[in-house]
Amino acid sequence: MTSMLPPARDLPPGRQDEIRVEIEHAVAGRGQRRMRLAPVLAAATAVGAVAAGVVFLAPSQQPQTATQPIPTTSEPTTSAPATRPAPVIPGLSEERIAAIEKGCQESAGVQGTPKLYQHVQDEAGKLALIYTGSAVLTCTLDTAAFPYNSGMTSGFNPEWLPGHFSVDNNEAMGGGDVPGNKPIYRGQRGYRLVAGRVDSKVARVTYTQDGRTIDAKIANNTYVARMVHATTWSPPERIDLGEVKAYDAAGNLLGTNNGSDKCFVNPQGVIVSGGWRDPNVDPKTCEQAQPWR
């Protein structure tokens, strides 16, 4: 054993903001265990995990080389043409939508302009899916603990898609009746959650995990799949991302999050997804990312 400290290393893109949020949530007493898996910026790229404050980074999440600009959590300076329609959220007033966007953004502690893309209600309660210019927020709503309680994944530009779909969020939340949880969380269901963006060709998205397969809710060029568990369920220590598949209207498979190491670049030739696991990757060998439409 040596008494020497390991050399200092740069944090990966967006991690500084995530650490700040984790500290703020800990100080505020938001003690329910949430295992957040780092974003899959390509539809076929493996990722790491965040559990109990410890971050496990897959190679795809390592800092980029000096020749490739590192994404920041500010609004992007170069975006794809925003040709997709504005999100439509049935059953919610404009005032309620604005309140959700503001409340979830403040809970996550991120900058930028939040936009609500999905409002989901199931056995685990209400959930909002929100995008800013450089982050995705998965925000639980109206629980006994908090009116807005948002996790986030940041450090990427949502305006570019790595193929037909992306996996921007992959997380697990333990149930409120897990031993050691605070009384305020009692009765809350545990769950696994994946969410991301799709292009106009995607008609169906499935999520397979824990021996089950469920269909995601697709709306406003996004998808959300939440697999609800018992109030006593606890996320396993073993990292298992599950499998996400996208299909077209005819049932043809368009892609999966498993089994590929493809990298994607924007029109400026900057890698926006994949490829970071190999420092010698040539952006010219990557595929072109597509505008999120």
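Step by step: first the residues of region 111-125, then only those that are open to solvent by 10 Å² or more (accessible area, probe 1.4 Å) and in contact with an Asp or Glu (Cβ under 6 Å, 6 or more places away or on another chain), then the one that is modelled with the highest pLDDT. Which residue is that?
My answer is Pro114.
Would you confirm, using the coordinates I've provided, whether Gly163 is among the small types (Gly, Ala, Ser), part of a loop (DSSP other than H, G, I, E, B) and either touching a strand residue (DSSP E or B) at 6+ places or on another chain (Cβ under 6 Å) or at pLDDT below 90 (or both)?
yes
Looking at (1) in contact (Cβ under 8 Å) with a residue 24 or more places away in the chain; (2) within 14 Å of Asp122 (Cβ to Cβ); (3) touching a Phe, Trp or Tyr at 6+ places or on another chain (Cβ under 6 Å); (4) surrounded by fewer than 23 Cβ atoms within 10 Å (Cβ to Cβ), which one does Ala225 not meet, given that it meets all the others?
Evaluating Ala225 over (1) in contact (Cβ under 8 Å) with a residue 24 or more places away in the chain; (2) within 14 Å of Asp122 (Cβ to Cβ); (3) touching a Phe, Trp or Tyr at 6+ places or on another chain (Cβ under 6 Å); (4) surrounded by fewer than 23 Cβ atoms within 10 Å (Cβ to Cβ) leaves (4) as the failure.
Output yes when any residue across region 161-184 is in contact with a helix residue (DSSP H, G or I) (Cβ under 7 Å, 6 or more places away or on another chain) and either open to solvent by less than 10 Å² (accessible area, probe 1.4 Å) or free of Cβ contacts under 8 Å to residues at least 12 places away in the same chain (or both), and no when none is.
Yes, the conditions are met somewhere in region 161-184.
Give me a count of the residues in region 261-277 that are touching a residue at least 24 places away in the same chain (Cβ under 8 Å) and either surrounded by fewer than 15 Cβ atoms within 10 Å (Cβ to Cβ) or in a strand (DSSP E or B) (or both).
Selection size over region 261-277: 6.
For region 126-138, does any single residue satisfy the condition of being open to solvent by 20 Å² or more (accessible area, probe 1.4 Å), over 24 Å from Pro283 (Cα atoms) and either within 13 Å of the chain's Cα centre (by Cα) or at pLDDT 95 or above (or both)?
yes
The values are calculated or read from the model by the stated rules, or taken from the named source; none is laboratory data. Keep in mind that this is a model prediction, so the values were computed, not measured. No Cβ is skipped: glycine too gets one built from the backbone with ideal geometry, and neighbour counts run over all protein chains shown. Side chains are part of the model used for accessible areas, which takes the heavy atoms of the whole protein and leaves out ligands, DNA and RNA. Shrake-Rupley method; radii C 1.70, N 1.55, O 1.52, S 1.80 Å.
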